[in-house]
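Novice: Sending over a structure as structure tokens; questions will come in a sec.
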Amino acid sequence: MPSRVPVQVLSGNCPIDDLPDLLDLSELAEGMERLWMKSVARLDEGIVAEYAATLVKQADGSLKLINEISGDSTNVVPDWATTEPGTFIGTFQTHPRTDEFLPMPFSDTDFVSAIQLREKLSLLYSDDVVCALVRTAATVDYINIYEIKNEFLSFVMTPDMEARFLPNAVWAANKWLARKYGFGLYMGTPNELFREV
Amino acid sequence: MQNFEKIQYAKDDSWLWALLEEAKKRRAAKGIKEEPPFDREDAQRIYEHYKAKQEQRQMLQPAFLALFEPMDSNGFRAVCPTMENCTVEAPTREEAKAALIGELKQRLQARLRAGKILPTERSSAEMVEVALGE
């Protein structure tokens, strides 16, 4: 069955104003939830691991997560290199925590790798929240890691840092950076994501 | 090559998690124990605040940028690389700054008189002062 995500969205060059308000990712929900459960499977022992997978488009047009891979508590490297040519859509990753449940959106390097890898769709699962970066016709081709770190720091390392809940500031930074670098940004449940930028 | 690519494209969130730990440490130091829930409205407020700050910063872009560097002879060199490409040297940083402002004012006034630039709401002298004010 063809994907419920519009072909134009998966093309990576959809005009940013034409992005849909809602992304139906129900075809991937089970796979994403399974990898999230793997990420927190040893939470009782105080151990979590980031998981990643490569998102590919199959011959019938449907989306699938392949090349599941685990990392450590703060880092994972998707095994994108083994993807068949022409089928690569993007990546999926988890952001688990050992000490508490909180949704942590995309990090500095998540933005960088999404751009460097030319990901058309970059998915992230953290504490039952799924976020998505959608590459568009307006997305930049290159990004400076130091520039993006500075932007993050501007949101996070403020004089009133302790008065802020960091995931809120990181989500604000995600919105700012998505706008700046020409991404569509979505947040929602594993089944339905709503457009934020 | 493969390893290099993997490092470059790693989803390495360690820096972000370290920031989270720092924030938590500061909260704990201030006796804040309760973690509020994730709140998109609060995130939107943070976003709007930052956006307003950035817009304000863009409006206050200086007309000139100046670089002050110490010289081997113990003096200071002040360089304005933008627009006028002006360099002066003086024994102290303050004198270098004053000399640079003076030189830029003269050059701007000369260009204004020659009709090479148009007057704005700010006088050339004000533009220089705004740019180099600290």
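Novice: Given the options A:L102, A:L166, name the one that is closer than 19 Å to A:L35 by Cα, over 14 Å from the mean Cα position of the chain (by Cα) and facing another protein chain (nearest Cβ under 10 Å).
Specialist: On the way: A:L166 fails: closer than 19 Å to A:L35 by Cα.
Being closer than 19 Å to A:L35 by Cα, over 14 Å from the mean Cα position of the chain (by Cα) and facing another protein chain (nearest Cβ under 10 Å) holds for just one of A:L102, A:L166, which is A:L102.
Novice: What pairs come up if the first residue lies in segment B:22-48 and is within 7 Å of chain A (Cβ to nearest Cβ), the second is part of a helix (DSSP H, G or I) and β-branched (V, I, T), and their beta carbons are under 9 Å apart, counting only those six or more places apart or on different chains?
Specialist: These pairs meet every condition: B:A23/A:V156; B:A43/A:V170.
Novice: Regarding B:D13, is this residue at pLDDT 85 or above and more than 23 Å from the chain's Cα centre (by Cα)?
Specialist: On the way: at pLDDT 85 or above: yes; more than 23 Å from the chain's Cα centre (by Cα): yes.
Yes, satisfied.
Novice: So, in segment B:110-134, exactly how many residues are within 21 Å of B:A78 (Cβ to Cβ), modelled with pLDDT of 75 or more and exposed (fewer than 14 other Cβ atoms within 10 Å of the Cβ)?
Specialist: The number of residues fulfilling the criteria is 1.
Novice: Another question, if that's okay. Given (1) more than 8 Å from chain B (Cβ to nearest Cβ); (2) more than 26 Å from A:L25 (Cβ to Cβ), identify the lone condition not met by A:N174.
Specialist: A:N174 satisfies all of (1) more than 8 Å from chain B (Cβ to nearest Cβ); (2) more than 26 Å from A:L25 (Cβ to Cβ) except (2).
Novice: Is there a residue being more than 7 Å from every other protein chain (Cβ to nearest Cβ), of a type in the set (A, V, I, L, M, F, W, C) and in contact with a Pro (Cβ under 6 Å, 6 or more places away or on another chain) anywhere in segment A:134-154?
Specialist: Looking for residues that are more than 7 Å from every other protein chain (Cβ to nearest Cβ), of a type in the set (A, V, I, L, M, F, W, C) and in contact with a Pro (Cβ under 6 Å, 6 or more places away or on another chain), one finds at least one in segment A:134-154, hence yes.
Novice: While we're on this one: Please work out which one of (1) over 16 Å from the mean Cα position of the chain (by Cα); (2) without any contact (Cβ under 8 Å) to a residue 40 or more places away in the chain is the condition A:T54 fails and give its number.
Specialist: (1)
The values are calculated or read from the model by the stated rules, or taken from the named source; none is laboratory data. If you're wondering where the values come from, they're calculated on a predicted model, not measured in any experiment. Don't worry about glycine lacking a Cβ; one is built from the backbone with ideal geometry, like all the others, and counts go over all protein chains shown.
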